[in-house]
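Down below is the structure, laid out as structure tokens.
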Amino acid sequence: MAQTVPHNYSETGLNLGFDIELRKVFKVFNGEAAVRGVDLNIRRGEFFSILGPSGCGKTTTLRLIAGFELPTAGDILLRGQSMVDVPPYRRPVNTVFQSYALFNHLTVEENIAFGLRLKKMGRGDIQNQVREALRLVKMEEWAKRLPAQLSGGQQQRVALARALVNRPTVLLLDEPLGALDLKLRKAMQMELKTLHRELGLTFVMVTHDQEEALSLSDRIAVMNRGRVEQMGSPSQIYDRPHTRFVAEFIGDTNLITGKIEGAHPTMLWITSAEGRQFKVIPVDTGNKPLTSGAVVISVRPEKIHLQYEPPADGLNYVEGYLKNLLYLGTHVNCQLQLTSGETLVVQLPHGFEIPPPDTRLYAVWRPEDSLALPNDS
Amino acid sequence: MPSAKSKDKDRTPAWLVRWLEPLVLLFPAGVWLVLLLVLPTLIIFELSFVPGIRPGDLVIPSGLGNYLRIFEPLTLLVIGRSLLFAIGTTVFCLLLGFPVAYWLGVIAPKRWQNLLLLAFVLPLWTSSLLRSYAWISILRPTGVLNSLLASVGLPSLDLLNQMPAVLIGMTYSLLPYMVLILYASLEKLDRRLLEAAADLGATPAQTFWWVTVPQVLPGLAASSLLVFINALGDFVNPELLGGPSSMTAARLIYNKFLGATPDWGMGSAMSTMLIVMVTLSIALLIKYGDRRATDL
């Protein structure tokens, strides 16, 4: 299985490939640790997302990179240079703020020119670059407006242009689409992706929206309670979560608690509380492999098959009654009331004939479609 | 469903409510204003056209003579001195008040803000007369200030009955207004804008000039104007601290009405001129000062 994080660069001292490195970064506010030993390596030119629930420390992490907060411990490097003693106004990063933070006393073009004027750039150069930035975000016609005269989506574009026009080494985005409605958010996601591809800049985005992170990012760091739980590509995060938290936070999943009965490098034997037997292929998390103790088996709804008879080998299945059908447009999910008392969500395959309510059903999956994760919470 | 019309038959008609509501609510204050502000102002306006009127004379409006007398050198000097005091007081209040208000509104811990503000505004609760007398006892030749200076071997200062004493007294009296209004403006300052400025490469000093000051400009204008107007009309401080050399417009008006040689016409003309000046500056503030302000 592929190694998820290439630690090798920084360990050999060769950090040419990284724009940002966080090394064992801690941030304590009034005795409470918001960030607890975060290590991040963000590659040059990638779209990197920091994903997590509110209060997980993701925004604090971004603010540490921008320089608005100072780390309590640890080091932050930008292209190999320690940034800890560098004030925000000397860091080669620019931020798109969640609230946009546009200067309401300045027009759109004055907002965008703000950073260039501070650099003492010539009037003509400023004008050209502002025009170019306006074109990039399709806001040419609104140059003379004040921010208060713009819609949320337009303000968002201005905030983006104001940051991009300074040609930062890294663009930081703090929940950039959080304040937009669903349709606008989808459109802006596409535009962000396009901008990233066209500009080739390193983007670091903070979001709580797992769908947004999965669809936009090259790599994602999932944060929980001040720590990075897992870092990897969207498919690694989704298909091979390393922890129960990641499995539950990213996408929908079903969790079955059990205990390891037998361990083999390529196969785990697990017995559920109900006494059912499961075969699961172990995940290579880079840590010590699971060999014993309490675990949860994670199975995604789309990986489960429904049948009317138990499987012949008597392995990897649960039984229950059809409880609810959830029509989701592209597919139908059904809820099974299991004999163990829990519920299981199964995505019905196309063309599956919907059985009447209270039908006894068997939910079956292949060992390679499930994961065994330490039951830590 | 019964229509609202048929149900509310004995309800006061909406159009009547629309007329009655402001009348009822504004009546008491309106009477007060008309009797004690509008009518006296009109009387003064009328008197200003009567040259050399004394108490008991008949009112016969007779031309612009009083206004022309304003342009006599001695009167112009007095008006100029008033403006100088008012501008000086405004500048001193700004210089002293802005750092205080900034510290109170932006830096001081939130839970201490109200208490600290109270401490700065406390002087407002004492009589202005009392405050001036306090300054007399501090500034007079044998006062607190000179005792202190003498005790450290410095020469004594003769400030009382001079212009510096007037400026000190007026600045002291009006500083709380400056701090109060600026604080209200600075307290609302969006800190995220300061971060955005830093993010775009602005040093703290640049952030202050290009973001903080424009953001609180409406508050700056309002507080400066309030101090300016109050200083222009201040009578107590120039009278008690200024001595004969600090004749101001307000003192001159007082003298024209209640002094040894009353001249109500001239006093009224000067009052009218002061009222017009103040009204004009407020009008200018409303017209131009508020353009980009959100609320104040």
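Some notes on this structure:
- Pairs exceeding a 19 Å alpha-carbon distance, out of B:LYS110/B:LYS188; A:LYS193/A:LYS303; A:LYS27/A:LYS58: A:LYS193/A:LYS303.
- Prolate/oblate/rounded label for segment B:46-196 (Cα gyration tensor, a/c 1.5): oblate
- Cα gyration tensor category, rounded, prolate or oblate, for segment A:211-334 with a/c compared to 1.5: oblate
- Proximal charge balance of A:VAL206 [Cβ under 13 Å; K/R count +1, D/E count -1]: -2
- Environment charge of A:SER99, counting only residues whose C-beta is closer than 10 Å and scoring Lys/Arg +1, Asp/Glu -1: -2
- Value at 222 nm in deg cm²/dmol, rounded to 500, when DSSP H runs of n ≥ 4 in the protein assembly as shown each add -39,500 (n - 2.57): -13000 deg cm²/dmol
- When the P(r) is computed for chain A, the part past 29 Å accounts for 52% of the Cα-Cα pairs.
- Close amide H contacts of A:ASN224 (hydrogens built in the peptide plane, cut-off under 5 Å, sequence separation of 5 or more or a different chain): A:GLU229.
- Exposure check, 1.4 Å probe, all protein chains in place: A:HIS264 carries approximately 100 Å² of accessible surface.
- Most to least accessible of B:PHE85, B:PHE235 (protein chains only, probe 1.4 Å): B:PHE235, B:PHE85
- For the protein assembly as shown, the solvent-accessible area of protein heavy atoms averages 52 Å² per residue (probe radius 1.4 Å; ligands and nucleic acids excluded).
- For chymotrypsin sites (Phe, Trp or Tyr not before Pro), the sites in segment A:265-357 that DSSP calls loop and that have at most 11 other Cβ atoms within 10 Å are A:TYR308.
- When the Gaussian network model of chain A links Cα atoms closer than 10 Å, the mean-square fluctuations of A:SER217, A:SER233, A:SER340 top out at A:SER340.
- Label-reachable residues, segment A:233-264, where backbone N falls under 18 Å from a point 7 Å from A:ALA273's Cα toward its Cβ: A:244-245, A:254-261
- Label-to-label distance, nm, for residues given as A:THR169 and A:LEU182 (7 Å Cα→Cβ offset): 4.1
- Computed about its Cα centre, the charge dipole of chain A is approximately 1520 debye, with only Lys, Arg, Asp and Glu carrying charge at their Cβ.
- Here r is the Cβ-Cβ distance between B:LEU84 and A:ARG90 and R0 is 56 Å; the resulting FRET efficiency, rounded to 0.05, is 0.80.
- J(HN,Hα) series, segment B:261-270, from Karplus relation 6.51 cos²θ - 1.76 cosθ + 1.60, nearest Hz, glycine and proline x: 10, x, 8, 4, x, 5, x, 5, 4, 5
- Portion, in percent, of the accessible area of segment A:170-263 that falls on carbon or sulfur, probe 1.4 Å: 49
- Dipole moment magnitude, nearest 20 debye, the protein assembly as shown about Cα centre, only Lys, Arg, Asp, Glu C-beta charged: 1360
- Its alpha carbons give segment A:276-321 an Rg and a Dmax of 13.3, 39 Å.
- Taking 7 Å steps out from each Cα toward its Cβ at A:ASP209 and A:LYS24 produces label points 3.7 nm apart.
- Environment charge of A:LEU150, counting only residues whose C-beta is closer than 12 Å and scoring Lys/Arg +1, Asp/Glu -1: +2
- Taking θ as phi - 60° and the Karplus parameters 6.51, -1.76 and 1.60, the scalar couplings of segment A:339-353 work out to 5, 6, x, 7, 10, 10, 9, 10, 8, 6, x, 4, x, 6, 6 Hz in sequence order, x denoting glycine and proline.
- Two-site FRET efficiency, A:THR291 against A:GLU368, from Cβ-Cβ distance with R₀ of 25 Å, rounded to 0.05: 0.80
- Share of alpha-carbon pairs per 5 Å distance bin for segment A:79-140, given as whole %: 4, 14, 20, 23, 19, 10, 8, 1
- Distances between every pair of Cα atoms in the protein assembly as shown, grouped in 10 Å steps from 0 to the bin holding the largest one, split as 3, 11, 15, 15, 14, 13, 11, 8, 5, 4, 2, 0, 0 percent.
- Protein-protein interface of segment B:187-203, residues with accessible area decrease of at least 40 Å², isolated chain reference, 1.4 Å probe: B:ARG192, B:LEU193, B:GLU195, B:ALA196, B:ALA198, B:ASP199, B:LEU200
- Rounded if a/c under 1.5, otherwise prolate or oblate - segment B:67-295, Cα gyration tensor axes: oblate
- If R0 equals 56 Å, the separation of the Cβ atoms of B:THR261 and A:LEU70 corresponds to a calculated FRET efficiency of about 0.20.
- Interface residues of segment A:37-79, defined as those with an accessible-area decrease of at least 20 Å² between the chain by itself and the complete set of protein chains (probe 1.4 Å), are A:ARG63, A:PHE68.
- Taking amide H as placed 1.01 Å from N in the peptide plane, the amide H of A:THR95 sits under 5 Å from that of A:LEU172, each at least 5 places away or on another chain.
- Based on every Cα atom in segment B:122-169, Rg and the maximum pairwise Cα distance Dmax equal 11.8, 36 Å.
- Of the trypsin sites (Lys or Arg not before Pro) found in segment B:182-241, those that fall in a DSSP loop while having at most 16 other beta-carbon atoms within 10 Å are B:LYS188.
- Chains A and B together bury roughly 1900 Å² of accessible area, counting both sides, with a 1.4 Å probe on protein heavy atoms only.
- Rg and Dmax of segment A:338-377, Cα atoms only, in Å: 13.5, 38
- Projecting label points 7 angstrom from Cα along Cα→Cβ for A:ASP358 and A:TYR327 puts them 2.3 nm apart.
- Using θ = phi - 60° in the Karplus curve 6.51 cos²θ - 1.76 cosθ + 1.60, the 3J(HN,Hα) couplings for segment A:264-276 round to 9, x, 10, 7, 10, 10, 10, 10, 7, 4, 7, x, 7 Hz; x is entered for Gly and Pro.
- Whole-number percent relative contact order across segment A:241-377, with pairs defined as alpha carbons under 8 Å at least 6 apart: 29
- Under 5 Å between amide hydrogens, built in the peptide plane, is the criterion, and for A:PHE47 it picks out A:PHE203, A:ASP218, A:ARG219 among residues at least 5 positions away or on other chains.
The values are calculated or read from the model by the stated rules, or taken from the named source; none is laboratory data. What you are looking at is a predicted structure, and each value in this text was computed from that prediction instead of being measured. Methodologically, a virtual Cβ is constructed for each residue, glycine included, from the backbone with ideal geometry; neighbour enumeration extends over all protein chains shown. Just so you know, the surface numbers come from the protein's heavy atoms only, side chains and all, with ligands and any DNA or RNA stripped out. Shrake-Rupley method; radii C 1.70, N 1.55, O 1.52, S 1.80 Å.
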